[in-house]
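One structure is given here, and the rest of the page talks about it.
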Amino acid sequence: MTPGELVRLVVAAALLALAVVDARGRRAALRPIPVAGAPIDAPPVAPASAAPPPITGAGTAESPAVVPLARFAFPAYDPAPLRVDGTPLVAAAFPAPLPALDGKRVRLTGYPLVLDAEGGTVRSLLVTRYPPGCCFGPLPVLDEWVAVSLETPSDAAEWVGDRPVTVTGTLEVGERIGRGGDVESLYRLRGARRSAR
């Protein structure tokens, strides 16, 4: 196992372990909230959510689909070890419009979390909805980040965690299961390049 593979494995395991907030692996923001004044045994009510932001672009090299990271939310997701049928989910099992974006050119903007930086050169990173280590933001869970593999390595100084970055590459949608049976990622961006917003 290379040092980069080890870092990726540790980060994926840590993010998964830290993200589990109930028996089904749901994040806190989507956990049902009790209604004020209701009896303790009353059924909880899920929080209202706003309409998802629009996706623009055609998903081609000339016109990549611009996808807000909020569109990657998968509220009904259960990690493979918690499902009766633990086979990896394929793109078709994900919420719309994600299956249609599988294999398309996509542009994402988010906060970088470098995974593989040997000798000051970045080869892979996570792009998250929230700044890493932010005091008010939740820890990112599997549907709040995209694993990015860069087409060509770049200088680590370009990927500062508290500054949003925009990357463009080919999107892969589907569970990737690691050697230990844990989910490593739901979304991947291959052959990515940093791009202007």
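The values are calculated or read from the model by the stated rules, or taken from the named source; none is laboratory data. Quantities reported herein were computed from a predicted structural model and do not represent experimental measurements. In this analysis, Cβ positions are derived from the backbone assuming ideal geometry, glycine residues included, and neighbour counts consider all displayed protein chains.
Overview of values
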quantity	calculated
Residue under evaluation Val106, criteria (1) over 28 Å from Gly180 (Cα atoms); (2) at pLDDT below 90, criterion not met	(2)
Answer residue from region 152-182, given it is under 18 Å from Thr109 (Cα atoms), among the acidic types (Asp, Glu) and loosely packed, with under 14 Cβ neighbours inside 10 Å and is farthest from the chain's Cα centre (by Cα) among those	Glu158
Matching residues in region 67-94 - criterion: being under 20 Å from Ala147 (Cα atoms) and of a type in the set (Gly, Ala, Ser)	Ala70, Ala73, Ala80, Ala91, Ala92, Ala93
Qualifying residues in region 114-137 (those that are within 18 Å of Val183 (Cα to Cα) and not small (Gly, Ala, Ser)) - the one farthest from the chain's Cα centre (by Cα)	Leu115
Within region 62-77, tally of residues that are of a type in the set (D, E, K, R) and exposed (fewer than 15 other Cβ atoms within 10 Å of the Cβ)	1
So Ala192, is it touching an Asp or Glu at 6+ places or on another chain (Cβ under 7 Å), small (Gly, Ala, Ser) and assigned to a strand (DSSP E or B)	yes
Scan of region 146-189 for residues that are part of a loop (DSSP other than H, G, I, E, B) and either among the aromatic types (Phe, Trp, Tyr) or farther than 27 Å from Leu89 by Cα (or both), ordered by number	Trp159, Val160, Gly161, Asp162, Arg163, Pro164
Sole residue being within 19 Å of the chain's Cα centre (by Cα), closer than 18 Å to Glu144 by Cβ and at pLDDT 85 or above, chosen from Pro64, Pro97	Pro97
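Every residue, every condition in (1) part of a loop (DSSP other than H, G, I, E, B); (2) crowded, with 16+ Cβ neighbours inside 10 Å, yes or no:
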{"position": "Thr87", "(1), (2)": "yes, no"}
{"position": "Ala92", "(1), (2)": "no, no"}
{"position": "Ala96", "(1), (2)": "yes, no"}
{"position": "Pro99", "(1), (2)": "no, no"}
{"position": "Gly103", "(1), (2)": "yes, no"}
{"position": "Val106", "(1), (2)": "no, yes"}
{"position": "Val114", "(1), (2)": "no, yes"}
{"position": "Ala117", "(1), (2)": "no, yes"}
